[in-house]
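Chemist: This is the structure, below, for whatever I ask next.
The values are calculated or read from the model by the stated rules, or taken from the named source; none is laboratory data. All figures in this text were calculated on a predicted structure; none of them were measured in a lab. All Cβ positions, glycine included, derive from the backbone under ideal geometry; neighbour counts span all protein chains shown.
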Amino acid sequence: MGNALGIGAHGRAAYDSRMQSSLGITKKVPYPFAEAIEKAKTALAEEGFGVLTEIDVAATLKSKLGVAREPYVILGACNPALANEALQAENEVGLLLPCNVVVYENGGVVYVSAVKPSAMLGVIENAALASVARRAEEKLACAVEKL
């Protein structure tokens with residue numbers, strides 16, 4: 001249930017298929033889960049990101065804890081040029097890399113959500129890094145929008 005501000009029960013804006021929070025840019029997508037993962041990878045590639053890691057959270061929780069949950073995959077996305085620039089600006093920024101993109105199902109609806117690099121990298125006070133974060137965020141937002 002939303003409220004007068006258009007914020008849904010989970011703290012996401014309830015407008016259109018795009019939603020934003022302080023941590024990420026999320027879009028409800030009209031694809032089955034497995035197809036959404038492939039389309040997200042393609043959209044990321046079009047924006048210069050490669051997927052370095054793919055973590056099936058639901059399968060891990062099932063095998064390690066016996067916990068069943070709806071499908072949930074984390075894609076560790078990296079734009080090499082931006083990562084290099086970020087590392088030149090702040091050597092320990094690698095602690096906050098790569099940019100995570102999650103594909104998940106909630107109540108039969110599939111979502112793709114990309115981290116906001118400005119939120120992640122905002123913990124480091126470095127103007128050069130803030131510039132890299134803004135550019136990465138623009139590219140991730142474009143990738144999500146393409147879905």
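Chemist: Of all helices (runs of 4 or more DSSP H) completely enclosed by the stretch 21-91, which ones contain at least 3 residues that are farther than 26 Å from A133 by Cα?
Modeler: The qualifying helices (runs of 4 or more DSSP H) are 33-46, 57-65.
Chemist: Let me ask something else about it. Taking V109, is it in contact with a helix residue (DSSP H, G or I) (Cβ under 9 Å, 6 or more places away or on another chain) and at negative phi?
Modeler: Answer is no for this residue.
Chemist: Same structure, new question: Of all residues being in contact (Cβ under 8 Å) with a residue 60 or more places away in the chain and under 14 Å from the mean Cα position of the chain (by Cα) in the stretch 43-65, which is farthest from L97 (Cα to Cα)? Just the residue, please.
Modeler: A43
Chemist: Another one. Yes or no: the stretch 22-31 includes at least one residue that is modelled with pLDDT under 95, closer than 29 Å to L121 by Cβ and loosely packed, with under 13 Cβ neighbours inside 10 Å.
Modeler: yes
Chemist: Let me ask you something else. Does A119 satisfy the criteria of being of a type outside the set (D, E), buried (at least 21 other Cβ atoms within 10 Å of the Cβ) and closer than 23 Å to I55 by Cβ?
Modeler: Spelling it out, it is not the case that A119 is of a type outside the set (D, E), buried (at least 21 other Cβ atoms within 10 Å of the Cβ) and closer than 23 Å to I55 by Cβ.
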